[in-house]
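Structure record follows, encoded as structure tokens.
Just so it is clear, none of the values below were taken in a lab; they were calculated from the coordinates. Predicted model only: the values in this text are computed from it and were never measured. All Cβ positions, glycine included, derive from the backbone under ideal geometry; neighbour counts span all protein chains shown.
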Amino acid sequence: MTEEIGALGPLLLVGLYVIFLFWYGGRTRPVSTAEVQTFLDLMRRQRLDHDDPDLYASLEKLLAQDDGREFLMLNLIHYRDQAAYPPGMNFGDSAVAADRRYARTFFPWLLRYGNVPVFIARRSGSFIEPANTEYWQVVAMIRYRSRRDFIRSVTAVVGKDVMVHKWAAIETTHVFPVRPLFSFIAVRVIAAIPLAITALIAWSL
């Protein structure tokens, strides 16, 4: 019986990796016009444009560029001096704390749809900065499994008093998709290595 379990061990690990690959994804069919319109209609009903009258046009442009593949979203963030919550919401004045409230609620929905924070970094100094450019305080990069999964993640939190923390925290932001030309961050390989090592150890026992 022990030998049978030992023999099945590597197969179970392979199964786990297949499940991971299914969750992590990275290629699907592009979003349809109907999907985009449904999403934009939801955004308009929730009046999420705030101080950005071009938000809906920006979303439409982002989704129109869909090729069904994974992508990275780069976020440059400048916080408010004080959190700007609507009247009656007593969460304090810290913009950083407001952003953390947003992240704690939104990130589980990111992970549910195979979207992964690649890195989040806080500014640690200055170097080359052209005049009159924004003083970005935080840089974050999020990997989205697809633009469809971007829609799913955002849709999941709309109407749940999640985005209010984001808008309370952020004074200005610059957000745009990027595609790596070169990167040492290979999540599929990183996930495969410990499973492969575990399988080899189990096989040798």
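Calculate how steeply helix 2-24 sits against the longest principal axis of the alpha-carbon atoms of the chain, using the helix alpha-carbon long axis, and give the answer as 0 to 90 degrees to the nearest 10. Tilt relative to the chain: about 30 degrees. Approximating the spin labels as points 7 Å out from Cα along Cα→Cβ, the Phe107-to-Ser124 distance works out to 1.9 nm.
Separation of the range 65-79 and the range 87-120, taken as the distance between their Cα centroids, equals 17 angstrom.
Just to be sure I understand, if you calculate Rg and Dmax of the Cα atoms in Å for this structure, which of (1) 20.7, 74; (2) 18.9, 63; (3) 20.8, 72 do you get? Derived directly from the coordinates: (3). Label-to-label distance for Ile190 and Asp41 is 3.9 nm, based on points extended 7 Å past Cα in the beta-carbon direction. Kindly express, to the nearest 10 degrees and within the range 0 to 90, the angle between helix 147-157's C-alpha long axis and the longest C-alpha principal axis of the chain. The helix 147-157 is inclined about 70 degrees to the chain. Treating the angle as unsigned and between 0 and 90°, give the value, to the nearest 10°, between the Cα long axis of helix 95-112 and the longest Cα principal axis of the chain. Around 40 degrees separate the two axes.
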